[in-house]
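The values are calculated or read from the model by the stated rules, or taken from the named source; none is laboratory data. Worth saying up front: this structure is predicted, and the values here are computed from it rather than measured. In this analysis, Cβ positions are derived from the backbone assuming ideal geometry, glycine residues included, and neighbour counts consider all displayed protein chains. Accessible surface is based on the protein model in full, side chains and every heavy atom, while ligands, DNA and RNA are left aside. Shrake-Rupley method; radii C 1.70, N 1.55, O 1.52, S 1.80 Å.
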Amino acid sequence: MGDFNLTVILDAIRRSEAGLSRVELAQLVGLSPQTISNISRRLLDQKLIVEAGKEGTGPGKPRTILRLNPKGMYAMGVHLDPALITVVLLDLVGSVVEKNTFVTPQSHDPQEIVDAIAECVEKLLAHSGVDRSLVAGLGVAAPGPIDLERGAVVGPPLLHGWVDVPLQDMVHRATGLPTTVDKDVTGAAVAEIWAGGPGGSGSFIFFYLGTGLGCGLVLNGEVYRGASGNAGEIGHIIVDPDGPVCSDGCGMRGTIGTVLEPQVIVSQAVVAGILPVLPDNPTARDFQGAFARLSELAGEGDETAISIMRGAARSLAWGVSVVGNLVDVDRMVFGGPFWHPVAGFVLDVLPDLVNARLATQGIHRVRLDGTRLGEDVGAVGAACLVLERALAPRAERLLLEG
Ligand SMILES: [Zn+2]
(Lines give C-alpha, C1' and ligand atoms only; values in the text may rest on other atoms or scores of the structure.)
Protein backbone atom coordinates (compact mmCIF):
# COMPACT_ATOMS: atom_id res chain seq x y z
CA MET A 1 0.00 0.00 0.00
CA GLY A 2 1.15 3.58 0.27
CA ASP A 3 0.44 4.68 -3.28
CA PHE A 4 -1.80 7.72 -3.07
CA ASN A 5 -3.58 7.18 -6.40
CA LEU A 6 -4.22 3.58 -5.49
CA THR A 7 -5.92 4.59 -2.25
CA VAL A 8 -7.94 7.25 -4.09
CA ILE A 9 -9.27 4.63 -6.50
CA LEU A 10 -9.95 2.11 -3.75
CA ASP A 11 -11.77 4.81 -1.81
CA ALA A 12 -13.99 5.69 -4.77
CA ILE A 13 -14.89 2.01 -5.26
CA ARG A 14 -15.56 1.64 -1.53
CA ARG A 15 -17.90 4.62 -1.44
CA SER A 16 -20.01 3.53 -4.39
CA GLU A 17 -22.93 1.33 -3.41
CA ALA A 18 -23.06 -0.70 -6.62
CA GLY A 19 -19.43 -0.69 -7.69
CA LEU A 20 -17.86 1.30 -10.52
CA SER A 21 -16.62 0.63 -14.03
CA ARG A 22 -13.14 1.75 -15.09
CA VAL A 23 -14.71 4.50 -17.23
CA GLU A 24 -16.76 5.81 -14.32
CA LEU A 25 -13.67 5.67 -12.09
CA ALA A 26 -11.64 7.74 -14.55
CA GLN A 27 -14.34 10.41 -14.64
CA LEU A 28 -14.83 10.39 -10.90
CA VAL A 29 -11.22 10.67 -9.72
CA GLY A 30 -9.79 12.52 -12.72
CA LEU A 31 -6.99 10.07 -13.56
CA SER A 32 -6.14 8.85 -17.05
CA PRO A 33 -7.75 5.62 -18.31
CA GLN A 34 -4.24 4.09 -18.50
CA THR A 35 -3.55 4.85 -14.82
CA ILE A 36 -6.97 3.49 -13.83
CA SER A 37 -6.30 0.34 -15.81
CA ASN A 38 -2.84 -0.20 -14.24
CA ILE A 39 -3.99 0.43 -10.71
CA SER A 40 -7.12 -1.70 -10.96
CA ARG A 41 -4.89 -4.52 -12.24
CA ARG A 42 -2.74 -4.15 -9.11
CA LEU A 43 -5.81 -4.08 -6.85
CA LEU A 44 -7.15 -7.21 -8.56
CA ASP A 45 -3.77 -8.94 -8.08
CA GLN A 46 -3.79 -8.00 -4.39
CA LYS A 47 -7.35 -9.39 -4.23
CA LEU A 48 -8.62 -6.14 -2.68
CA ILE A 49 -11.20 -5.77 -5.47
CA VAL A 50 -13.07 -8.17 -7.71
CA GLU A 51 -14.65 -7.91 -11.12
CA ALA A 52 -18.34 -8.23 -10.40
CA GLY A 53 -20.14 -8.88 -13.66
CA LYS A 54 -20.73 -6.71 -16.67
CA GLU A 55 -23.22 -3.95 -17.13
CA GLY A 56 -24.65 -2.01 -20.01
CA THR A 57 -26.74 -2.69 -23.10
CA GLY A 58 -26.76 -1.14 -26.50
CA PRO A 59 -23.76 -0.46 -28.69
CA GLY A 60 -20.20 -0.76 -27.42
CA LYS A 61 -18.54 -3.12 -25.01
CA PRO A 62 -20.41 -3.83 -21.74
CA ARG A 63 -18.55 -2.32 -18.78
CA THR A 64 -17.00 -4.51 -16.12
CA ILE A 65 -17.97 -3.43 -12.61
CA LEU A 66 -15.27 -3.28 -9.92
CA ARG A 67 -16.21 -3.88 -6.30
CA LEU A 68 -14.36 -4.35 -3.04
CA ASN A 69 -13.52 -7.94 -2.20
CA PRO A 70 -14.84 -8.40 1.36
CA LYS A 71 -12.41 -11.30 1.91
CA GLY A 72 -9.39 -9.41 0.57
CA MET A 73 -8.36 -7.96 3.92
CA TYR A 74 -9.50 -8.13 7.52
CA ALA A 75 -9.02 -6.00 10.63
CA MET A 76 -9.55 -6.69 14.29
CA GLY A 77 -10.96 -4.20 16.76
CA VAL A 78 -11.07 -4.07 20.53
CA HIS A 79 -13.27 -1.69 22.44
CA LEU A 80 -11.86 -1.19 25.91
CA ASP A 81 -14.80 -0.03 27.99
CA PRO A 82 -14.70 0.02 31.79
CA ALA A 83 -17.77 -2.25 31.87
CA LEU A 84 -17.43 -4.54 28.87
CA ILE A 85 -14.70 -5.45 26.41
CA THR A 86 -15.84 -6.17 22.85
CA VAL A 87 -13.64 -7.79 20.21
CA VAL A 88 -14.61 -7.96 16.54
CA LEU A 89 -13.17 -9.24 13.28
CA LEU A 90 -14.16 -7.00 10.38
CA ASP A 91 -13.90 -7.73 6.67
CA LEU A 92 -12.85 -5.19 4.06
CA VAL A 93 -16.38 -3.83 3.53
CA GLY A 94 -16.77 -3.23 7.25
CA SER A 95 -19.04 -6.16 8.09
CA VAL A 96 -18.58 -7.93 11.42
CA VAL A 97 -17.40 -11.49 10.69
CA GLU A 98 -16.91 -12.58 14.30
CA LYS A 99 -17.60 -10.94 17.62
CA ASN A 100 -17.03 -11.70 21.27
CA THR A 101 -17.56 -9.79 24.50
CA PHE A 102 -16.45 -10.27 28.08
CA VAL A 103 -16.88 -8.37 31.32
CA THR A 104 -13.88 -6.11 31.93
CA PRO A 105 -11.76 -7.70 34.68
CA GLN A 106 -12.03 -5.43 37.72
CA SER A 107 -8.27 -5.39 38.13
CA HIS A 108 -5.89 -2.58 38.93
CA ASP A 109 -3.24 -4.29 36.82
CA PRO A 110 -3.53 -3.30 33.14
CA GLN A 111 -1.45 -6.34 32.12
CA GLU A 112 -4.23 -8.62 33.36
CA ILE A 113 -6.72 -6.90 31.05
CA VAL A 114 -4.27 -6.96 28.14
CA ASP A 115 -3.77 -10.73 28.64
CA ALA A 116 -7.53 -11.27 28.64
CA ILE A 117 -7.82 -9.26 25.41
CA ALA A 118 -5.03 -11.28 23.75
CA GLU A 119 -6.69 -14.56 24.71
CA CYS A 120 -10.02 -13.38 23.28
CA VAL A 121 -8.33 -12.19 20.06
CA GLU A 122 -6.64 -15.58 19.53
CA LYS A 123 -9.84 -17.55 20.14
CA LEU A 124 -11.88 -15.36 17.86
CA LEU A 125 -9.33 -15.53 15.06
CA ALA A 126 -9.06 -19.32 15.33
CA HIS A 127 -12.85 -19.70 15.33
CA SER A 128 -13.25 -17.49 12.25
CA GLY A 129 -10.91 -19.60 10.13
CA VAL A 130 -9.51 -16.40 8.60
CA ASP A 131 -5.85 -16.60 7.61
CA ARG A 132 -3.79 -14.51 10.02
CA SER A 133 -1.77 -13.09 7.13
CA LEU A 134 -4.92 -11.37 5.83
CA VAL A 135 -5.41 -9.47 9.09
CA ALA A 136 -4.01 -5.98 8.54
CA GLY A 137 -3.81 -5.24 12.24
CA LEU A 138 -5.55 -4.70 15.51
CA GLY A 139 -7.13 -1.42 16.59
CA VAL A 140 -7.88 -0.56 20.20
CA ALA A 141 -10.45 2.09 21.06
CA ALA A 142 -9.88 3.40 24.57
CA PRO A 143 -11.42 6.14 26.70
CA GLY A 144 -9.49 9.42 26.45
CA PRO A 145 -7.39 11.28 27.01
CA ILE A 146 -4.69 9.38 25.17
CA ASP A 147 -1.13 9.98 24.06
CA LEU A 148 -1.61 9.24 20.37
CA GLU A 149 2.08 9.20 19.50
CA ARG A 150 2.93 6.51 22.07
CA GLY A 151 -0.46 4.80 21.96
CA ALA A 152 -0.74 5.30 25.70
CA VAL A 153 -3.83 5.68 27.83
CA VAL A 154 -3.43 8.54 30.29
CA GLY A 155 -5.74 7.98 33.24
CA PRO A 156 -9.28 7.43 31.88
CA PRO A 157 -12.17 7.79 34.32
CA LEU A 158 -13.45 4.50 35.77
CA LEU A 159 -10.36 2.48 34.84
CA HIS A 160 -8.70 2.56 38.24
CA GLY A 161 -4.96 2.21 38.31
CA TRP A 162 -4.58 3.17 34.65
CA VAL A 163 -2.02 5.95 34.85
CA ASP A 164 -0.05 6.39 31.61
CA VAL A 165 -0.36 2.81 30.34
CA PRO A 166 1.57 2.08 27.08
CA LEU A 167 -1.38 0.11 25.72
CA GLN A 168 -0.20 -0.05 22.09
CA ASP A 169 3.10 -1.75 22.97
CA MET A 170 1.48 -4.05 25.53
CA VAL A 171 -1.26 -5.27 23.15
CA HIS A 172 1.23 -5.64 20.29
CA ARG A 173 3.51 -7.77 22.47
CA ALA A 174 0.61 -9.89 23.69
CA THR A 175 -1.00 -10.51 20.27
CA GLY A 176 1.85 -10.17 17.77
CA LEU A 177 -0.45 -8.09 15.56
CA PRO A 178 0.42 -4.56 14.38
CA THR A 179 -1.53 -2.47 16.88
CA THR A 180 -2.94 1.02 16.82
CA VAL A 181 -4.60 2.81 19.74
CA ASP A 182 -6.99 5.73 19.44
CA LYS A 183 -9.74 7.40 21.44
CA ASP A 184 -13.10 5.65 21.44
CA VAL A 185 -14.85 8.75 20.06
CA THR A 186 -12.37 8.96 17.18
CA GLY A 187 -12.89 5.26 16.48
CA ALA A 188 -16.65 5.74 16.44
CA ALA A 189 -16.33 8.58 13.92
CA VAL A 190 -14.03 6.49 11.72
CA ALA A 191 -16.52 3.60 11.96
CA GLU A 192 -19.25 5.87 10.67
CA ILE A 193 -17.05 6.84 7.70
CA TRP A 194 -16.07 3.26 6.85
CA ALA A 195 -19.05 1.16 7.80
CA GLY A 196 -21.95 3.50 8.53
CA GLY A 197 -23.44 3.51 5.05
CA PRO A 198 -23.84 6.28 2.50
CA GLY A 199 -24.07 9.04 5.16
CA GLY A 200 -20.45 8.48 6.13
CA SER A 201 -18.99 11.19 3.95
CA GLY A 202 -19.08 14.97 4.12
CA SER A 203 -18.89 16.65 7.51
CA PHE A 204 -20.55 15.34 10.62
CA ILE A 205 -20.13 15.07 14.39
CA PHE A 206 -20.31 11.77 16.23
CA PHE A 207 -21.50 12.27 19.81
CA TYR A 208 -20.37 9.40 21.94
CA LEU A 209 -22.26 8.64 25.15
CA GLY A 210 -19.90 6.50 27.16
CA THR A 211 -18.44 6.82 30.63
CA GLY A 212 -18.09 10.48 29.67
CA LEU A 213 -19.43 12.52 26.78
CA GLY A 214 -17.08 13.06 23.88
CA CYS A 215 -17.34 13.71 20.19
CA GLY A 216 -15.55 12.71 17.03
CA LEU A 217 -15.29 15.31 14.29
CA VAL A 218 -15.37 14.40 10.61
CA LEU A 219 -14.62 17.33 8.35
CA ASN A 220 -14.89 16.87 4.59
CA GLY A 221 -14.73 13.10 4.87
CA GLU A 222 -11.67 12.92 7.13
CA VAL A 223 -11.62 12.49 10.88
CA TYR A 224 -10.09 15.46 12.69
CA ARG A 225 -7.84 14.36 15.56
CA GLY A 226 -6.31 17.63 16.71
CA ALA A 227 -2.66 18.31 17.59
CA SER A 228 -2.31 15.48 20.12
CA GLY A 229 -5.18 13.20 19.12
CA ASN A 230 -7.54 14.53 21.75
CA ALA A 231 -9.96 16.73 19.77
CA GLY A 232 -13.56 16.42 20.86
CA GLU A 233 -13.12 16.57 24.64
CA ILE A 234 -16.35 18.49 25.15
CA GLY A 235 -17.08 17.35 28.69
CA HIS A 236 -16.36 20.80 30.17
CA ILE A 237 -19.01 22.75 28.25
CA ILE A 238 -21.17 24.30 30.98
CA VAL A 239 -24.87 23.58 30.51
CA ASP A 240 -26.12 24.41 34.03
CA PRO A 241 -24.19 27.05 36.02
CA ASP A 242 -26.04 25.99 39.21
CA GLY A 243 -25.61 22.28 38.51
CA PRO A 244 -23.60 19.66 40.39
CA VAL A 245 -19.86 20.22 41.00
CA CYS A 246 -17.74 18.62 38.25
CA SER A 247 -16.67 15.11 39.18
CA ASP A 248 -13.00 15.57 38.27
CA GLY A 249 -12.36 18.16 40.95
CA CYS A 250 -11.81 21.13 38.60
CA GLY A 251 -14.28 23.17 40.65
CA MET A 252 -16.67 24.04 37.82
CA ARG A 253 -20.39 23.45 38.10
CA GLY A 254 -22.83 21.92 35.68
CA THR A 255 -20.35 20.73 33.05
CA ILE A 256 -22.11 18.59 30.48
CA GLY A 257 -19.87 15.63 31.29
CA THR A 258 -21.02 15.71 34.90
CA VAL A 259 -24.68 16.58 34.30
CA LEU A 260 -25.01 13.68 31.87
CA GLU A 261 -22.90 11.21 33.83
CA PRO A 262 -25.00 8.07 34.13
CA GLN A 263 -24.38 7.96 37.89
CA VAL A 264 -25.64 11.55 38.29
CA ILE A 265 -28.82 10.85 36.31
CA VAL A 266 -29.33 7.52 38.07
CA SER A 267 -28.93 9.09 41.52
CA GLN A 268 -31.63 11.66 40.66
CA ALA A 269 -33.94 8.73 40.01
CA VAL A 270 -32.86 7.01 43.25
CA VAL A 271 -33.51 10.19 45.26
CA ALA A 272 -36.91 10.55 43.55
CA GLY A 273 -37.70 7.02 44.68
CA ILE A 274 -38.24 5.43 41.28
CA LEU A 275 -35.05 3.34 41.26
CA PRO A 276 -33.68 1.13 44.08
CA VAL A 277 -30.53 2.27 45.89
CA LEU A 278 -27.39 1.02 44.11
CA PRO A 279 -25.04 -1.46 45.82
CA ASP A 280 -21.96 -0.12 47.65
CA ASN A 281 -19.07 0.60 45.27
CA PRO A 282 -21.22 0.30 42.16
CA THR A 283 -19.46 -0.76 38.97
CA ALA A 284 -19.92 0.73 35.50
CA ARG A 285 -22.19 -2.24 34.76
CA ASP A 286 -24.44 -1.41 37.74
CA PHE A 287 -24.87 2.10 36.37
CA GLN A 288 -25.55 0.79 32.87
CA GLY A 289 -28.28 -1.49 34.26
CA ALA A 290 -29.87 1.25 36.36
CA PHE A 291 -29.71 3.66 33.44
CA ALA A 292 -31.45 1.16 31.16
CA ARG A 293 -34.17 0.66 33.78
CA LEU A 294 -34.73 4.43 34.03
CA SER A 295 -35.17 4.66 30.24
CA GLU A 296 -37.63 1.77 30.44
CA LEU A 297 -39.65 3.62 33.09
CA ALA A 298 -39.73 6.72 30.90
CA GLY A 299 -40.90 4.55 28.01
CA GLU A 300 -43.69 3.15 30.21
CA GLY A 301 -44.90 6.69 30.89
CA ASP A 302 -43.54 7.23 34.43
CA GLU A 303 -43.81 11.03 34.88
CA THR A 304 -40.79 11.32 37.19
CA ALA A 305 -38.61 9.28 34.86
CA ILE A 306 -39.78 11.33 31.88
CA SER A 307 -38.98 14.60 33.63
CA ILE A 308 -35.47 13.40 34.57
CA MET A 309 -34.84 12.21 31.01
CA ARG A 310 -36.22 15.45 29.52
CA GLY A 311 -33.87 17.45 31.74
CA ALA A 312 -30.94 15.34 30.51
CA ALA A 313 -32.04 15.76 26.88
CA ARG A 314 -32.18 19.57 27.34
CA SER A 315 -28.64 19.58 28.76
CA LEU A 316 -27.47 17.40 25.90
CA ALA A 317 -29.10 19.78 23.40
CA TRP A 318 -27.20 22.76 24.88
CA GLY A 319 -23.86 21.03 24.60
CA VAL A 320 -24.55 19.57 21.19
CA SER A 321 -25.61 22.93 19.77
CA VAL A 322 -22.40 24.61 21.02
CA VAL A 323 -20.35 22.09 19.05
CA GLY A 324 -22.76 22.32 16.11
CA ASN A 325 -22.40 26.09 15.97
CA LEU A 326 -18.62 25.77 16.05
CA VAL A 327 -18.25 23.46 13.05
CA ASP A 328 -21.55 23.77 11.09
CA VAL A 329 -22.34 20.26 9.86
CA ASP A 330 -25.26 18.68 8.01
CA ARG A 331 -25.52 15.73 10.28
CA MET A 332 -24.98 14.60 13.86
CA VAL A 333 -24.70 10.93 14.78
CA PHE A 334 -25.18 9.48 18.26
CA GLY A 335 -23.90 6.25 19.73
CA GLY A 336 -21.87 4.63 22.48
CA PRO A 337 -22.60 2.25 25.36
CA PHE A 338 -25.14 4.56 27.03
CA TRP A 339 -26.87 5.60 23.82
CA HIS A 340 -28.80 2.47 22.99
CA PRO A 341 -31.24 2.48 25.96
CA VAL A 342 -32.16 6.16 25.48
CA ALA A 343 -32.10 6.32 21.68
CA GLY A 344 -35.87 6.29 21.11
CA PHE A 345 -36.62 8.84 23.78
CA VAL A 346 -33.82 11.23 22.86
CA LEU A 347 -34.39 11.14 19.09
CA ASP A 348 -38.01 12.16 19.73
CA VAL A 349 -37.08 15.40 21.46
CA LEU A 350 -33.48 16.25 20.58
CA PRO A 351 -33.69 17.26 16.88
CA ASP A 352 -36.05 20.18 17.59
CA LEU A 353 -34.18 21.22 20.75
CA VAL A 354 -30.85 21.27 18.92
CA ASN A 355 -32.05 22.94 15.72
CA ALA A 356 -33.72 25.72 17.73
CA ARG A 357 -30.31 26.56 19.22
CA LEU A 358 -28.26 26.53 16.02
CA ALA A 359 -27.24 29.81 14.39
CA THR A 360 -27.96 28.22 11.01
CA GLN A 361 -31.59 27.35 11.81
CA GLY A 362 -32.97 29.62 9.08
CA ILE A 363 -30.53 28.21 6.53
CA HIS A 364 -30.48 24.43 6.88
CA ARG A 365 -31.86 21.86 9.26
CA VAL A 366 -29.30 19.52 10.81
CA ARG A 367 -30.18 15.83 10.78
CA LEU A 368 -29.76 13.82 13.97
CA ASP A 369 -29.45 10.02 13.74
CA GLY A 370 -28.51 7.10 15.92
CA THR A 371 -25.55 5.16 14.51
CA ARG A 372 -26.54 2.22 12.33
CA LEU A 373 -23.64 0.30 13.83
CA GLY A 374 -25.44 -0.31 17.10
CA GLU A 375 -23.80 -1.06 20.40
CA ASP A 376 -20.64 -2.40 18.77
CA VAL A 377 -19.69 0.93 17.25
CA GLY A 378 -16.67 1.22 19.57
CA ALA A 379 -15.20 -2.13 18.54
CA VAL A 380 -16.13 -1.72 14.87
CA GLY A 381 -14.50 1.72 15.04
CA ALA A 382 -11.35 0.22 16.52
CA ALA A 383 -11.09 -2.18 13.57
CA CYS A 384 -11.89 0.63 11.12
CA LEU A 385 -8.87 2.54 12.49
CA VAL A 386 -6.75 -0.23 10.98
CA LEU A 387 -8.54 -0.04 7.61
CA GLU A 388 -8.26 3.73 7.66
CA ARG A 389 -4.54 3.57 8.34
CA ALA A 390 -3.97 1.00 5.60
CA LEU A 391 -6.29 2.28 2.91
CA ALA A 392 -7.54 5.85 3.32
CA PRO A 393 -6.27 8.42 0.81
CA ARG A 394 -4.88 10.81 3.37
CA ALA A 395 -3.15 14.08 2.68
CA GLU A 396 -0.06 12.91 4.60
CA ARG A 397 0.28 9.97 2.20
CA LEU A 398 0.43 12.40 -0.70
CA LEU A 399 3.05 14.52 1.10
CA LEU A 400 5.20 11.44 1.76
CA GLU A 401 5.20 10.59 -1.92
CA GLY A 402 5.63 14.14 -3.12
ZN1 LIG B 1 -14.12 19.30 35.63
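Please verify whether region 267-287 includes one or more residues that are under 20 Å from the mean Cα position of the chain (by Cα) and in a loop (DSSP other than H, G, I, E, B).
The answer is no; no qualifying residue exists.
Residue 264 versus (1) farther than 19 Å from residue 317 by Cβ; (2) assigned to a helix (DSSP H, G or I); (3) within 16 Å of the ligand (Cβ to nearest atom): which is the lone unmet condition?
Looking at each condition in turn, residue 264 falls short on (1).
Out of all the residues in region 132-181, which are basic (Lys, Arg) and under 25 Å from residue 73 (Cβ atoms)?
Within region 132-181, 132, 173 meet the criteria.
Where in region 1-94 are there helices (runs of 4 or more DSSP H), lying fully within it, with 1 or more residues that are closer than 30 Å to residue 144 by Cα?
4-15
Give the number of residues within region 117-147 that are out of contact with any Gly (no Cβ under 9 Å at 6 or more places or on another chain) and in a loop (DSSP other than H, G, I, E, B).
Matching residues across region 117-147 total 3.
For region 72-111, give me each residue that is touching a residue at least 40 places away in the same chain (Cβ under 8 Å), open to solvent by less than 10 Å² (accessible area, probe 1.4 Å) and of a type in the set (A, V, I, L, M).
If the condition is that a residue be touching a residue at least 40 places away in the same chain (Cβ under 8 Å), open to solvent by less than 10 Å² (accessible area, probe 1.4 Å) and of a type in the set (A, V, I, L, M), then 75, 76, 78, 80, 83, 87, 88, 89, 90, 92 are the ones that fit.
Report, by residue number, each residue of region 297-321 that is surrounded by fewer than 17 Cβ atoms within 10 Å (Cβ to Cβ) and under 13 Å from residue 240 (Cβ atoms).
Result: 311, 314.
Being at pLDDT below 90 and either assigned by TED's automatic domain parsing to the domain that holds residue 210 or among the basic types (Lys, Arg) (or both) narrows it down to one of 273, 232, 289, so name that one. Lay out the reasoning, then the answer.
On the way: 273 fails: at pLDDT below 90; 232 fails: at pLDDT below 90.
Residue meeting the stated conditions: 289.
Could you check region 264-296 and list, in sequence order, the residues that are closer than 14 Å to residue 337 by Cα and open to solvent by 60 Å² or more (accessible area, probe 1.4 Å)?
Across region 264-296, the qualifying residue is only 285.
Taking region 221-250 on its own, how many of its residues are within 15 Å of the ligand (Cβ to nearest atom) and open to solvent by 40 Å² or more (accessible area, probe 1.4 Å)?
11
With 149, 119 as the choices, which residue is modelled with pLDDT under 95 and open to solvent by 10 Å² or more (accessible area, probe 1.4 Å)?
Going through 149, 119 in turn, just one is modelled with pLDDT under 95 and open to solvent by 10 Å² or more (accessible area, probe 1.4 Å): 149.
Is it fair to say residue 94 is modelled with pLDDT under 95, at positive phi, outside the structural domain of residue 383 (by TED's automatic domain parsing) and among the small types (Gly, Ala, Ser)?
Answer is no for this residue.
Test each condition in (1) over 19 Å from residue 173 (Cα atoms); (2) outside any strand (DSSP E or B); (3) open to solvent by less than 60 Å² (accessible area, probe 1.4 Å) for residue 114 and report the one that comes out false.
With respect to (1) over 19 Å from residue 173 (Cα atoms); (2) outside any strand (DSSP E or B); (3) open to solvent by less than 60 Å² (accessible area, probe 1.4 Å), residue 114 is out only on (1).
Is there any pair linking a residue in region 240-268 that is in contact (Cβ under 8 Å) with a residue 24 or more places away in the chain to one that is open to solvent by 60 Å² or more (accessible area, probe 1.4 Å) and small (Gly, Ala, Ser), with Cβ under 9 Å and at least six apart or on different chains, and which?
So the pair list comes out as 257/247; 261/247; 263/247.
Quick check on my filter: what residues within region 322-336 are buried (at least 20 other Cβ atoms within 10 Å of the Cβ), within 23 Å of residue 375 (Cβ to Cβ) and not hydrophobic (A, V, I, L, M, F, W, C)?
The answer is 335, 336.
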